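Data first, discussion second: the structure below is written as structure tokens.
The values are calculated or read from the model by the stated rules, or taken from the named source; none is laboratory data. These figures come from a predicted structure and were not determined experimentally. Counting neighbours? That spans all protein chains shown, and the Cβs are built from the backbone with ideal geometry, glycine included.
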Amino acid sequence: MLDLPTMAFALISKYALLLALFLHAVTTVFARDKLSDATIVLFNANDPESEGLAGYYAQKRDIPPDRVVGLLCPSSEEISRADFNTTIAAPLRKKMEAKGWWKMRRGPSGQKSVVQTSIRFVAIMRGVPLKISADASILPSEGARNIPEVISSRNEASVDSEISALGLPNWKPASVIENPYFGRFTQILDDSVFPGMLLAARLDGPTASMVRAMIDDSLMVEKEGLWGWAYIDGRDITNGGFTEGDNWMRHLVEILRQRGVPTIFDNLPSTFGDQFPITDAAIYFGWYAGDVNGPFAQQDFRFKPGAVAVHLHSYSANTLRSTTTNWCGPLIARGVAATLGNVYEPYLSLTANLDIFQDRLMSGLTLAESAHMSMRALSWMGVVIGDPLYRPYAVWNQFYDPRNRPPNPWRRFRSITLNAKGNILDAVIPLHEAARETRDGMFLEALGAAQFDVKDSAASVNSFRDALALTTNNEVYRRLEIETAEALRTVNASSKPDQPIEQQTAESLLEMPDSPIPSENGTGPDSSLVKPAPALPKIPTEIPNLPYPDL
């Protein structure tokens, strides 16, 4: 029997915990309000559909009407540098100052700079131009003389990246600059972030109805969190100029599994085959083919609502109007709510670091914060597509009350993983127990995939077979047959000559058509790829902390 002081301490501790959880929930609500107050919405005033989307988004996110800004700009996806300067950059800067959203101060040289801001997020609606074409009349800026010509000679860029850099002191139109937010783990509303930094993201896609679906799905998923499978498509590159991209993929697998997301990792040189069964896809990262391919090319393929999906390629966002060309448009057409892309050739080291992006997103930060933390450069080629305020994992870090809610096997999988300190390989028994109780093979398929990736193929065969025994979904069953056959192949390849080799009954399932793989020098079937450039002779003075190891 507990004595009175012990009982009192237990009671106080209990209510202290409840109070902390309550305050956390209240803080989260107010944080969301602050995010909306710190957001402006840009639309094309020449496009009624663009204005309609702006109003729809502002109403859904409770963004004040005076923060919905129309720009009299061209309606084409690509515009000239002159049109960008006169119809987007200049009017936006004027609006930011006139409204008092930016507080300005003149320095000793007479140049004005942003010293205080009330705006951090910029939601760009479909209808606002996407990219700025190259202008041969523009010479590299004075500060760019130490930047290799392959970089300094480029003055094309995404509209969004230019807007993000608009308030920075070293912003010069048509000149790549260092992103001061790269690698940070600080919320954008923190006073330590440079006041001129803006986080632009674009609500855009093949059709206006798809954009509305992105908005609705993001808001819906935020209530319960983003749950489902993660599919990572690497290329098994361990040396050379493309190693960095594959390192991102490998690190993504580690991050996802440690955070409790069931993950399938394809580490073959080809992309996922046309007939590879992908189900319950909440997350996808892969590289690199020029146009959407594999199972994602099927018109009836659908991601889970709110899904995050990125395919790394130089021109993945060259257009957002097509459901079959490039990657970003097709992914949105198939239900993705958040993606990243490039409008022109960015070079590998200046694309978004995908592992940083997903890590920040899963920590509860917004899409816009996570994406900009992953980008080394601004005034460059990158574009963020989705609701800038989207937080698919914010609820993962909040108190969860399971009462009156349907069972969630994905949440249970995450709980088991976290109890194993992020190592799914140490959770064999609880995963088997969960699979038996729920009759869901997902637990064991995820275990088998992790075992296979650490080259414990014999254990993975057993896990896949146990999952097969529980599976009633035809697509999942076919995928498990493929995974089992591949694991058996690996076991057999390592067998001693005098040991019996099990027959490969599922061999034919592995022979799936894949798109041709482009050569790494950019001259193969697809020459539009994220290709390396010459190494820098030295780190440029204008970008003092911006390494280009692969360029």
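One table, with the values for the structure above:
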quantity	calculated
Helices (runs of 4 or more DSSP H) fully within the stretch 63-174 counting 1 or more residues that are polar (S, T, N, Q) and surrounded by 14 or more Cβ atoms within 10 Å (Cβ to Cβ)	149-152, 159-164
Residue among ASP359, ASP387, ASP355 that alone is in contact with a His (Cβ under 6 Å, 6 or more places away or on another chain) and in contact (Cβ under 8 Å) with a residue 24 or more places away in the chain	ASP355
Selection status of SER118, at pLDDT 95 or above and closer than 27 Å to ILE332 by Cβ	no
Residues of the stretch 469-480 satisfying the condition of being surrounded by fewer than 18 Cβ atoms within 10 Å (Cβ to Cβ) and either of a type in the set (Val, Ile, Thr) or touching a Ser or Thr at 6+ places or on another chain (Cβ under 9 Å) (or both)	THR472, ASN473, GLU475, TYR477
Leading residue by the ranking (farthest from ALA82 (Cα to Cα)) among those in the stretch 169-213 that are among the β-branched types (Val, Ile, Thr) and in contact with a Lys or Arg (Cβ under 6 Å, 6 or more places away or on another chain)	ILE188
Where GLY441 falls short, out of the listed (1) in contact with a Ser or Thr (Cβ under 6 Å, 6 or more places away or on another chain); (2) surrounded by fewer than 18 Cβ atoms within 10 Å (Cβ to Cβ)	(2)
Residue satisfying all of: in the stretch 338-373; among the small types (Gly, Ala, Ser) and more than 10 Å from the chain's Cα centre (by Cα); surrounded by the fewest Cβ atoms within 10 Å (Cβ to Cβ) among these	SER363
Candidates ARG202, ARG212, filtered to the one that is assigned to a strand (DSSP E or B) and either at pLDDT below 95 or among the charged types (D, E, K, R) (or both)	ARG202
Subset of the stretch 274-323 (residues that are in contact (Cβ under 8 Å) with a residue 40 or more places away in the chain, aliphatic (A, V, I, L, M) and within 17 Å of GLY382 (Cα to Cα))	VAL308, VAL310, LEU312, ALA317, LEU320
Residue count, the stretch 175-193 (criterion: of a type outside the set (Ser, Thr, Tyr), surrounded by fewer than 17 Cβ atoms within 10 Å (Cβ to Cβ) and farther than 23 Å from GLU97 by Cα)	3
